[in-house]
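What follows is one structure encoded as structure tokens, with my remarks underneath.
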Amino acid sequence: ANRHGKPGKTVTYQGVKPHAVPRPLDSKDDIPRLCQDYKLAAQMAKNAGFDGVELHAAHGYLIDQFLNNGTNQRTDEYGGSVENRCRLLTEVLDAIFEVWPKEKVGVRLSPHDAPNGGNTYYGCKDTNPDLVYRHAIQTLDQLNLAYLLLTEPRWVGKYDDSPESDPGFQMPLRNLETFRRDYRGVMIGAGGFTPSSSYTAMNDDGPSNNRNGYDALAFGRWFLSNPDLPVRLESFHEHKAKGGGSGLAVPPLNRYERDTFYTQDADGYIDYPSLEFEKFCQMGSSTDNDKLEYQGMVLSKYPLLEQEIVGTSLKTTETQHETRSKL
């Protein structure tokens with residue numbers, strides 16, 4: 001089901017298809033095998049040379065479905081109480097810890113405030129979401145993980161293709177306010193951050209009744225369209241730190257094209273240009289290594305947005321969309 005409780009659809013290599021009808025996992029056979037699947041995935045990541053792994057327990061995927069009583073209708077040891085609904089989360093982590101030390105494992109959760117109007121994923125709702133997520137977070141607090149990443153419930157799919165006026169960019173940091181005091185380790189925030197709000201979140205002391213703000217921030221959409229996003233944000237943050245009068249040239253952001261997010265070709269995947277690529281084109285000389293590094297990037301293909309205006313609900317104008325590189 002989707003967030004409205006209606007039959008949902010998903011994107012596949014054969015196009016948009018209806019969701020398969022799920023069945024309850026058998027606690028004697030399916031769940032132990034599932035934990036071993038996570039363990040195998042963790043081992044494959046280690047074999048591949050990764051520095052650590054993140055358990056995705058958010059966004060309406062399987063573990064999140066177990067957490068929420070709107071989707072978890074079980075009557076065995078994995079359903080009912082918050083302790084039972086968090087059981088799969090801890091069992092999967094135990095399996096991963098057989099491969100990775102705890103300090104090399106992160107966990108992602110997406111607490112929401114439904115049924116009070118907050119954003120949910122794939123119909124994952126709960127009658128008391130703060131209760132179950134607080135229990136999960138306090139449990140994770142005892143494990144000395146690499147980090148806990150919380151998605152703020154402010155992504156608004158209806159406006160996702162309009163970064164100039166997406167209302168999600170202006171919604172408050174609910175999960176920081178609600179759960180910061182429950183987790184003493186590194187906490188990362190994600191979901192709906194803009195250059196301006198990222199500067200505020202990283203330089204604010206956080207809610208008055210909590211330890212502090214987020215320790216780090218994660219970006220998705222803006223990272224897709226800006227392969228060098230940290231460089232661009234660093235310039236913007238330095239500009240803001242000096243009161244906006246630093247005289248520094250703050251690079252704009254490539255405007256993302258939402259329609260290309262879940263497609264299978266180069267468009268919207270490897271063709272967004274970096275600042276270094278622009279300089280490279282300006283220099284007019286190249287080496288084979290440079291060509292490989294910039295392979296697929298296309299100059300002036302995407303409109304640019306000044307970082308200061310992202311999320312300010314400004315209407316898209318021809319002027320904003322024509323602010324392209326002059327190279």
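The values are calculated or read from the model by the stated rules, or taken from the named source; none is laboratory data. Computed from a prediction, not measured in an experiment: that's the story for all the values here. Methodologically, a virtual Cβ is constructed for each residue, glycine included, from the backbone with ideal geometry; neighbour enumeration extends over all protein chains shown. To get the accessible areas, we keep the full protein, side chains included, count just its heavy atoms, and leave off ligands, DNA and RNA. Shrake-Rupley method; radii C 1.70, N 1.55, O 1.52, S 1.80 Å.
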Unmet requirement for T120, which otherwise passes all of (1) crowded, with 21+ Cβ neighbours inside 10 Å; (2) more than 23 Å from the chain's Cα centre (by Cα): (2)
Given the conditions (1) under 19 Å from A190 (Cα atoms); (2) at pLDDT 95 or above; (3) part of a loop (DSSP other than H, G, I, E, B), which single one is not true for Y122? (2)
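With the structure loaded, tell me whether F66 is touching a Cys at 6+ places or on another chain (Cβ under 9 Å), over 30 Å from T312 (Cα atoms) and modelled with pLDDT of 90 or more or whether it fails that test.
On the way: touching a Cys at 6+ places or on another chain (Cβ under 9 Å): yes; over 30 Å from T312 (Cα atoms): yes; modelled with pLDDT of 90 or more: yes.
It is true that F66 is touching a Cys at 6+ places or on another chain (Cβ under 9 Å), over 30 Å from T312 (Cα atoms) and modelled with pLDDT of 90 or more.
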From the list G192, G247, exactly one residue is over 20 Å from T151 (Cα atoms), of a type outside the set (K, R) and modelled with pLDDT under 95. Which is it? G247
Do we have K301 as open to solvent by 30 Å² or more (accessible area, probe 1.4 Å), at pLDDT 85 or above and either over 26 Å from the mean Cα position of the chain (by Cα) or not small (G, A, S) (or both) here? yes
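Output the residues belonging to segment 52-85 that are among the polar types (S, T, N, Q) and surrounded by fewer than 15 Cβ atoms within 10 Å (Cβ to Cβ).
Residues satisfying the conditions are Q73, T75, S81.
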Among the numbered criteria (1) of a type outside the set (S, T, N, Q); (2) at pLDDT 95 or above; (3) surrounded by fewer than 13 Cβ atoms within 10 Å (Cβ to Cβ), which single criterion is violated by K9? (2)
Tell me yes or no: at least one residue of segment 28-51 is touching a residue at least 60 places away in the same chain (Cβ under 8 Å), open to solvent by 100 Å² or more (accessible area, probe 1.4 Å) and not polar (S, T, N, Q). no
